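K.L.:
Just passing along the structure, written as structure tokens.
The values are calculated or read from the model by the stated rules, or taken from the named source; none is laboratory data. These numbers come from a predicted model, not from an experiment. All Cβ positions, glycine included, derive from the backbone under ideal geometry; neighbour counts span all protein chains shown.
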Amino acid sequence: MYKKCKLCPNLCQVDRRYKLGLCGQSDKVRIAWSGLHRGEEPPLTGEKGSGMIFFTGCPLHCEYCQNHQISGAHGSNMGFNITDEELAELMLSLEKQGATTLNLVTGTHFIPSIINALNIAKEKGFSLPVVWNSSGYENVEALKLIDPYIDVYLMDMKTLDKNVAEKFCGRRKYIDSIIPVMDFITKTHPYTDLDKIYGNIVRHLVFPQALKESIEVLRYYSKYYKNSCFLSLMVQFVPPLENPGFKKISEEEYDFLLDTLDELGIEDGFVQEIGDEILWIPDFNKDIPFPVSFADPNPYFLSLKRKALNQ
């Protein structure tokens with residue numbers, strides 16, 4: 001599937017064995033970090049943390065991506081290549097470390113390799129619930145391949161407005177993809193039971209000066225998806241690069257969002273508190289990119305990293 005790649009909506013059809021796709025990646029799986037993370041939604045985190053694997057590259061090029069070091073938004077190619085067998089061993093190592101879930105972060109452009117690794121890991125006893133942590137910019141035909149392996153979709157629903165999509169997501173056509181994706185995941189996961197770690201969690205981040213567009217997302221979500229998803233509403237937009245033009249959401253705007261949730265009958269989910277001063281912008285140059293109290297690196301990942309640095 002890497003020979004004429006159509007794994008994401010960019011449909012670049014590049015032979016990634018010889019040339020990088022628009023995701024910025026070849027046919028070799030590249031990862032930037034792995035370990036336990038306690039900053040995800042509570043059911044996914046559990047007691048010790050969610051077992052994260054951050055893949056390098058991304059089909060989107062969001063100018064303000066908090067993972068900009070590894071997403072390719074600013075031309076970075078951090079991390080190192082691993083084989084499918086090593087990826088499987090990493091999954092097993094996260095389970096041994098005590099992870100509540102396996103959390104695959106932006107794996108769209110590596111779907112064939114991830115499926116192969118999951119099959120290898122399952123043959124060796126891997127049993128964690130699998131979370132597909134995605135921007136929502138997916139090709140449904142490719143998503144169908146990974147779907148049988150997924151227990152929880154942790155899906156962004158960034159915007160339904162083309163101008164907002166162009167400014168913050170780098171792709172006006174984001175809105176052409178997100179509705180088919182949402183329709184697909186709510187069809188394959190028609191209800192959500194987070195006690196059993198199953199279903200859909202839909203994340204929406206309120207962008208600066210785009211409150212009206214966020215309300216549009218919430219109304220659409222309420223009309224079509226609230227009975228099969230939990231909403232995770234985030235309000236602490238933090239640009240990774242200095243930009244004094246962006247203002248934080250005001251208390252009045254925050255209260256208006258809460259009132260809108262009540263008006264729309266959106267009861268199931270999570271709402272980020274205003275004034276959360278934790279700096280979530282990770283630094284993937286470090287063994288622990290996040291605040292130390294929120295993350296523990298995976299020992300097997302560290303060994304793979306040392307091996308890659310010594311080559």
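K.L.:
Of all residues in the stretch 59-96, which are in contact with a Cys (Cβ under 6 Å, 6 or more places away or on another chain) and not hydroxyl-bearing (Ser, Thr, Tyr)?
P.N.:
The answer is Pro59, Leu60, Cys62, Gly72, Ala73.
K.L.:
Scanning for something closer than 18 Å to Gly46 by Cα, surrounded by 14 or more Cβ atoms within 10 Å (Cβ to Cβ) and in contact with a Ser or Thr (Cβ under 9 Å, 6 or more places away or on another chain), does the stretch 275-289 turn up at least one residue?
P.N.:
Of all residues in the stretch 275-289, those closer than 18 Å to Gly46 by Cα come to none.
No: zero hits.
K.L.:
Conditions first: (1) assigned to a strand (DSSP E or B); (2) of a type in the set (Val, Ile, Thr); (3) surrounded by fewer than 23 Cβ atoms within 10 Å (Cβ to Cβ). Val14 passes all but one, so which condition is the exception?
P.N.:
(1)
K.L.:
Are any of the residues in the stretch 125-146 touching a residue at least 40 places away in the same chain (Cβ under 8 Å) and on the phi > 0 side of the Ramachandran plot?
P.N.:
yes
K.L.:
Only one of (1) in a helix (DSSP H, G or I); (2) crowded, with 18+ Cβ neighbours inside 10 Å fails for Val202. Which number is that?
P.N.:
Unmet for Val202, out of (1) in a helix (DSSP H, G or I); (2) crowded, with 18+ Cβ neighbours inside 10 Å: (1).
K.L.:
Condition test on Ala117, is it surrounded by 24 or more Cβ atoms within 10 Å (Cβ to Cβ) and either β-branched (Val, Ile, Thr) or not in a strand (DSSP E or B) (or both)?
P.N.:
Against the criterion (surrounded by 24 or more Cβ atoms within 10 Å (Cβ to Cβ) and either β-branched (Val, Ile, Thr) or not in a strand (DSSP E or B) (or both)), Ala117 qualifies.
K.L.:
Still on this model: Residues Gln69, Gln25: which one is in contact (Cβ under 8 Å) with a residue 60 or more places away in the chain, within 21 Å of Arg203 (Cβ to Cβ) and out of contact with any strand residue (DSSP E or B) (no Cβ under 6 Å at 6 or more places or on another chain)?
P.N.:
On the way: Gln25 fails: within 21 Å of Arg203 (Cβ to Cβ).
Just a single option satisfies the conditions, and that option is Gln69.
K.L.:
Further, regarding this structure: Counting only residues that are outside any helix (DSSP H, G or I) and over 23 Å from Cys23 (Cα atoms), which one in the stretch 79-113 is nearest to the chain's Cα centre (by Cα)?
P.N.:
Selected residue: Thr101.
K.L.:
Additional query: For the stretch 31-47, state whether one or more residues are in a loop (DSSP other than H, G, I, E, B) and hydrophobic (A, V, I, L, M, F, W, C).
P.N.:
Within the stretch 31-47, not a single residue is in a loop (DSSP other than H, G, I, E, B) and hydrophobic (A, V, I, L, M, F, W, C).
One line per residue, one yes/no per condition, for (1) at pLDDT 95 or above; (2) not in a loop (DSSP other than H, G, I, E, B):
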{"site": "Asn133", "(1), (2)": "yes, yes"}
{"site": "Tyr137", "(1), (2)": "yes, no"}
{"site": "Glu141", "(1), (2)": "yes, yes"}
{"site": "Lys144", "(1), (2)": "yes, yes"}
{"site": "Pro148", "(1), (2)": "yes, yes"}
{"site": "Leu154", "(1), (2)": "yes, yes"}
{"site": "Leu160", "(1), (2)": "yes, no"}
{"site": "Phe168", "(1), (2)": "no, yes"}
{"site": "Arg171", "(1), (2)": "no, no"}
